[in-house]
Structures are given as structure tokens and as C-alpha cells.
Amino acid sequence: MTLDALVDGAHAWFTAALPDHGIYALMAFAFIAGLARGFSGFGAALIFVPLGGAIVGPKMISPILLVIDGIASFGMIPPAWRGANRQEVFVIAAGATLGIPAGTAILALLDPLVLRWSITLIAISLLALLVSGWRYHGEPTAPLTSGVGLIAGLFSGAAQLGGPPVVAYWLGGKSDFTRVRANVVLYFSISSVVSAISYYFGGLFVPAVFALTVVILPSYAVGLYGGSKLFGLAEERTFRIACYVLIAAAAIIGMPLLDGVLR
């Protein structure tokens, strides 16, 4: 087979794998999601999954986010390793390792419409948890920490929504926002590996996932970089409020009832 034939074949595969609508919207959503993730260490899924799921479906959008986030956030791991409470992160990640396969099974087997409504309700509930200011102020223990990880893993496997439970848990302790952010980044780096293995065996890495990753990754990476630069420069309270508004808008617009808004 000649080089031209290989190039033509690759181009044909790439074109066939892409959806026929919504690509530019996905790129815009990815940028906004990356901005939130770069600043706070989480929040990308709460924005990207409801909105992107309305365009390409929940079974595809979660693997896409997993891949683009894993690639784009790789550079955040070394500083997170230095700044995190690694013992707590490893304990919570151990719990997530048990929850992620169960969440993946839900993603693979549940009806897409039911799954999208579930994601919307979970996103709104987790946002309400964050906005309420509720924090766990008790003494952290290994069983409790791993239990939080189990819940976060379940949400991560089903929709990459594992950030808010661990954030609410860690913010209630004595750690400042910088330590919490490092913990969350390191936790996601571990849980993403487990999710990737689980998604692979669940058959969720279809060709369109990788084709869309090529298209969306640059927008997400730029947003991630911008959010990281804002961390330490922007007013934390102001940025949090902006993120909450974006998450709420994403959850509402991503509802199946409003599919026409994104199509």
C-alpha cells in the first residue's frame, strides 16, 4: 500500500468518525471546562459532560473528557505531587478504584436518555452541595476517606463527575485551597488511569472518541493553561462564583428537554 493510500484511508476514517454537527460548540465547551479545571483542579466534567452529552451522547462524551484531560493535565501532576497530602490521596483513590468499575458498567449499560437525565440531576445536586458551603468538619479516618473515594469513583466511572465529593470532603479539613487543589489534581491523575482501564474493557473507546479528541484537545489545553495562570492571580471567590454560574448553565442547557438549543 502506498503512502498516499494510507493518508487517504486515514483521512476517510477520521472524517467518518466525526459527528456531522456540533464540533465548534464542543470546542467552545472544552475551552470553558479547561479554564475551570485549570484554576480549581476540578469542574471540567460538570460543564463539559452535560453540554457535550447533548451533542454526541453520554457514552461518548465521558471517554472523550477522560482522554483529553489525561493528556492536557499531565504537566499539572509534578507540582501536585509535591504539594498534595499523598497519604490521603492514596486512601481516597483506593476507594475510587472500587467504585469506578461499577460506574463504568452504568455508563455502558444504562439507556442514554435515562443516563443524561441522571447526569443532569447529579450535576445540579453536586453544584448545590458546593454552593451551600457544606463541608465535612469531623476528623478524617481511613474508612471514611475511602468511602468518599468509593462515591467519587462511582460518579467518575459513570460521568467523570468525581470531583465535587472529594472537594467538599477536603475543604472541610485544615488544608488551605492550594493543598486541596493539589490533592484533587493528584487524585484525578490516579483515578483517570483506573477509569481508562475500566472504559477499555467496557468497550467505550470507539473510533469517534479519538477522532474528536484530536479536534477538541487544543481548545481544552488552552483553557487549562489559562486557568492555571489565573490561579493565584484572580480573586478566588469571584472565580468560584463564575464557575458555579457556568456549571448551572451547563446542567440546564444540557437537559434532554432543551436539545434544540445545541443542535
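The values are calculated or read from the model by the stated rules, or taken from the named source; none is laboratory data. Just so you know, these numbers come straight off a predicted model, no measurement behind them. For neighbour counting, all protein chains shown are included, and Cβ atoms are generated from backbone atoms with ideal geometry for every residue, glycine included. To get the accessible areas, we keep the full protein, side chains included, count just its heavy atoms, and leave off ligands, DNA and RNA. Shrake-Rupley method; radii C 1.70, N 1.55, O 1.52, S 1.80 Å.
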Quiz item: Within the bounds of segment 126-134, is there any residue that is open to solvent by 50 Å² or more (accessible area, probe 1.4 Å) and over 20 Å from Leu46 (Cα atoms)?
Solution: no
Quiz item: Quick one: what pairs do we get from segment 209-233, first residue on the phi > 0 side of the Ramachandran plot, second of a type outside the set (Lys, Arg) and in a helix (DSSP H, G or I), C-beta under 9 Å, 6+ apart or different chains?
Solution: Gly232/Thr178
Quiz item: Does segment 131-147 contain at least one residue that is closer than 21 Å to Ala251 by Cα and among the hydrophobic types (A, V, I, L, M, F, W, C)?
Solution: yes
Quiz item: Out of curiosity, is Ser228 surrounded by 15 or more Cβ atoms within 10 Å (Cβ to Cβ), outside any helix (DSSP H, G or I) and modelled with pLDDT under 90?
Solution: no
Practice problem: Please identify the pairs in which a residue from segment 88-113 that is more than 29 Å from Arg179 (Cβ to Cβ) has its Cβ atom under 7 Å from the Cβ atom of a residue that is at pLDDT 90 or above and surrounded by fewer than 16 Cβ atoms within 10 Å (Cβ to Cβ), counting only partners at least 6 apart or on another chain. | Solution: Ala108/Gly203
Self-check item: Residue under evaluation Asn85, criteria (1) at pLDDT below 80; (2) within 23 Å of Leu186 (Cα to Cα), criterion not met
Solution: (1)
Quiz item: With Ala80, Ala5, Ala36 as the choices, which residue is at pLDDT below 85, of a type in the set (Gly, Ala, Ser), closer than 19 Å to Pro164 by Cα and part of a helix (DSSP H, G or I)?
Solution: Ala36
Quiz item: What residue, of Leu51, Leu46, is open to solvent by 10 Å² or more (accessible area, probe 1.4 Å) and either part of a helix (DSSP H, G or I) or out of contact with any Leu (no Cβ under 8 Å at 6 or more places or on another chain) (or both)?
Solution: Leu51
Self-check item: Counted residues, segment 94-121 - those being farther than 14 Å from Gly202 by Cα and open to solvent by less than 50 Å² (accessible area, probe 1.4 Å)
Solution: 8
Practice problem: Search segment 169-191 for residues being open to solvent by 20 Å² or more (accessible area, probe 1.4 Å) and among the polar types (S, T, N, Q), and hand back the single one that is modelled with the highest pLDDT. | Solution: Ser189
